[in-house]
Structure formats: structure tokens, C-alpha cells
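Below: the structure, in C-alpha cells.
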Amino acid sequence: MSHHIVEVKDLQYSYPDGTPALRGVSFRIVHGESVAIVGANGAGKSTLLLHLNGFLTAGGGEIRIGEFPITAKTLHTVRRTVGMVFQDPDDQLFMPRVYDDVAFGPLNLGLPPQEVEERVTHALATVGALHLRNRPPYKLSRGEKKAAAIAAVLSMSPDILVMDEPTSDLDPKARRQLVELLRTFKHTKIIASHDLDMVLDLCERTVVIYNGQIMADGPTRQLFENDDLLAQSHLEKPLRMQGCPVCRGS
């Protein structure tokens, strides 16, 4: 299972204007782990995720996916292993029909038509979106677009699933359905999110980032009970850990 391992060593990255975004980030994630990346706006979460399958090129340090360092020569292999779901589904959906978006990856792998059909059907069924297969993406709700974008990644059968703010803009029902779906994905999950209650549900381990640096890396509940850490990182406790505001005031 070495191909499921994600290893980041001293990752450095600066924005085009020279502003540092990541300052020596290092961690190792092994097969089957479900890991959250949390931090305030501008902490570097999305920038970090975009390095994990080569959408951004590091200014220093190294990222390895299994046995492969991410380089121009290994990108094809890495992107088959690491499936990336962007925060905005409109960044992923660009074809006339949902079916075409979900089939795009398998077709580019050169798979036979029957296997492509099977992958598309299975991926859409997994996210409860089989009824959307012939719909144009621009006519979908935000939740439906999220489902279609996840299906487009699942159709590639990734070993590692990377998601940026997966529950943003979802109504409570769609959020609950997504959490239940992610519980069924048994391989490695890396999730950047402000939704710390979802993090409690899905991630045994959390990496806290602030100002491009790792502030803490450890068991999720233990970190969320650390008031000093949360304050330093400009985070609030998950709602379920805050207790009843009426009781606190009595």
C-alpha cells in the first residue's frame, strides 16, 4: 500500500507577488488515514492541497505520493492516484452533460467504452446522482454540482481523495448525505475545511495551519479541546463542543 502514502517535506511556496504562502510544511499520511487540514482564511490550506497532485509547483521542499516524487514526469501517475475535488464545482464541470464530465477522466485513460459506462454509472450512483447524468451542469443546484464533481473524481478510482471545503454552500440535508458518502470511502482522505463539526465526524487526525506553518498535528478531538491552540490559530471550537449557550449563561 505504499502508493497510498502522502509525504510532504519542508514544502515552501510563495505567491507571484512574493508573499510567502507555505513556510516549511512537513507531514506524512499513510494508507487509510482520514486527515483534516484546518485553519483560518488565508492560512494556506487550499494552496497546500493544490500541491498534492501537481496543480501548483513547490518553490522548495518535496512531495512524494507513494514511491513517486511529484515532478513533470510523474504527474500522470500521481493524478491517477490522487483525486482532487475543488471547493468550487464550477472549476471541474465544463462539459455539456454531467455524464460527459464524469466520463472525461476514464476516456482520457483510454478505457474501453463498456468500462467507461460502468465507471460513470457506479460513480453517479455512489453520490446519489444517477438521475443527473443527462442534465447540463449549469442547470444544477450547488449541491447537485458538488455531487457531480465528486462523481467525476470517483470515476477515476483514486486511492487518495483530496477535498477542499466539501460542505461549503450545502444545505443541511446535502451536507449530511455528503458526510455519509465520505464515511464509505475507505482509502486515504485529506480534507481542508472550516466545518469543524464535519471534521469531528470524519477525521481522526487534524493538521492545524496558521500563516503557512503547521501549528499542531494530532488527534482531532484533542486538538479541538486546546483553547490556546485554537485562539492562536484564529479558530473556534466545533459547535457541538461549545455546549449550550443558554446553560452557560445561567
For Val85: the one exception among (1) within 24 Å of Ile65 (Cβ to Cβ); (2) exposed (fewer than 15 other Cβ atoms within 10 Å of the Cβ): (2)
2 or more residues without any contact (Cβ under 8 Å) to a residue 24 or more places away in the chain and among the small types (Gly, Ala, Ser): qualifying helices (runs of 4 or more DSSP H) within the stretch 42-160: none
Single residue of Phe68, Phe94, Phe55 found to be touching a Ser or Thr at 6+ places or on another chain (Cβ under 9 Å) and aromatic (Phe, Trp, Tyr): Phe68
In the stretch 170-196, residue farthest from Ile5 (Cα to Cα) [restricted to those that are surrounded by fewer than 19 Cβ atoms within 10 Å (Cβ to Cβ) and in contact with an Asp or Glu (Cβ under 9 Å, 6 or more places away or on another chain)]: Ala174
Filter result for the condition that a residue is touching a residue at least 60 places away in the same chain (Cβ under 8 Å), surrounded by fewer than 23 Cβ atoms within 10 Å (Cβ to Cβ) and on the phi > 0 side of the Ramachandran plot, over Glu165, Glu204: Glu165
Scan of the stretch 1-38 for residues that are farther than 23 Å from Gly59 by Cα and either surrounded by 15 or more Cβ atoms within 10 Å (Cβ to Cβ) or of a type outside the set (A, V, I, L, M) (or both), ordered by number: Ser2, His3, His4, His31, Gly32, Glu33, Ser34, Val35, Ala36
In the stretch 9-32, the residues that are of a type in the set (Phe, Trp, Tyr) and in a loop (DSSP other than H, G, I, E, B): Tyr15
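Every number here is computed from the coordinates shown, using simple stated rules; none is lab data. Values in this document were obtained by computation on a predicted structure and should not be read as measured data. Here the Cβ is made from the backbone with ideal geometry for all residues, glycine too, and neighbour counts use every protein chain on show.
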